[in-house]
1. Looking at A:TYR24 and the list (1) under 20 Å from A:ALA84 (Cα atoms); (2) more than 10 Å from chain B (Cβ to nearest Cβ); (3) surrounded by 15 or more Cβ atoms within 10 Å (Cβ to Cβ); (4) under 13 Å from the mean Cα position of the chain (by Cα), which single condition is not satisfied?
2. With respect to A:SER27, is the statement that it is among the hydroxyl-bearing types (Ser, Thr, Tyr), in a strand (DSSP E or B) and at pLDDT below 95 true?
3. With the range B:8-116 as the region, which strands (runs of 3 or more DSSP E) entirely inside it contain at least 1 residues that are under 26 Å from A:TRP34 (Cα atoms) and either aromatic (Phe, Trp, Tyr) or within 11 Å of the chain's Cα centre (by Cα) (or both)?
4. Taking the condition of being loosely packed, with under 14 Cβ neighbours inside 10 Å and either free of Cβ contacts under 8 Å to residues at least 60 places away in the same chain or among the β-branched types (Val, Ile, Thr) (or both), how many residues in the range A:1-18 meet it?
5. Looking at the range A:94-104, is at least one residue out of contact with any Gly (no Cβ under 8 Å at 6 or more places or on another chain), in contact (Cβ under 8 Å) with a residue 40 or more places away in the chain, away from chain B (no Cβ under 14 Å) and buried (at least 20 other Cβ atoms within 10 Å of the Cβ)?
6. Taking the range A:32-51, which residues are more than 13 Å from A:LEU99 (Cβ to Cβ) and either part of a loop (DSSP other than H, G, I, E, B) or basic (Lys, Arg) (or both)?
7. Give A:SER65, A:SER85, A:SER94, A:SER61 a once-over and let me know the one that is at pLDDT below 95 and small (Gly, Ala, Ser).
8. Condition first: free of Cβ contacts under 8 Å to residues at least 12 places away in the same chain and away from chain A (no Cβ under 11 Å). Now tell me which residues in the range B:1-49 satisfy that.
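The values are calculated or read from the model by the stated rules, or taken from the named source; none is laboratory data. No experiment lies behind these values; they were computed from the predicted model shown. FYI the Cβ positions are ideal-geometry reconstructions off the backbone, even for glycines, and counts take in every protein chain you see.
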Amino acid sequence: GQNIDQPTEMTATEGAIVQINCTYQTSGFNGLFWYQQHAGEAPTFLSYNVLDGLEEKGRFSSFLSRSKGYSYLLLKELQMKDSASYLCAVTTRSNDYKLSFGAGTTVTVRA
Amino acid sequence: GAGVSQSPSNKVTEKGKDVELRCDPISGHTALYWYRQSLGQGLEFLIYFQGNSAPDKSGLPSDRFSAERTGGSVSTLTIQRTQQEDSAVYLCASSLTRGALRNEQFFGPGTRLTVL
């Protein structure tokens, strides 16, 4: 199976930057997803990385290093509405339909 | 357009009872998934449907759990003889197809199941 680790909690100040790390161990890596989940709501897609490098989308960026089994999600210019859980998930070539999730990182943004 | 919907949003049941959870995927999505989210844990894969067939049921925790999908659309997850450890949020997701390089899954709001 996949071993996916991310920090449990992070706190940051409004307007600041936060970086959420995710490490994984898997064979046949086929892509890494980041989802955002507000309390009591459905997870929503943020980003997808399959090649090494940085993908930028507005205030959010996601980075992947396949050789290191490492990804991070960077949230810039934090807003109060960014307080949520951020879920890292990977897929493999043999099970390209199945998302294997980490436990999620709860980010709290303080004024 | 409509997203993935699930019903009921909350279900409280007594230990030993059977429950049925429903999922309506996004129209035209051929792939459907069930996940379970327990407190403090990541989403746990339960089952995957492609059309009406379930090629992967490997995540179902026990034979008390079953799921079906009809008409390539609505899916029902059934838990028989519920136990307290079944308490969790059950999330359904759908995607356009399987095998795309970026197989973005769209999630429903979940059903919160509490077994007393």
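1. The single condition A:TYR24 does not satisfy is (1).
2. Against the criterion (among the hydroxyl-bearing types (Ser, Thr, Tyr), in a strand (DSSP E or B) and at pLDDT below 95), A:SER27 does not qualify.
3. Strands (runs of 3 or more DSSP E) meeting the threshold: B:19-24, B:31-37, B:43-50, B:75-79, B:88-95, B:111-115.
4. Number satisfying all stated conditions: 5.
5. No, the conditions are met nowhere in the range A:94-104.
6. A:HIS38, A:ALA39, A:GLY40, A:GLU41, A:ALA42, A:VAL50, A:LEU51
7. A:SER94
8. none
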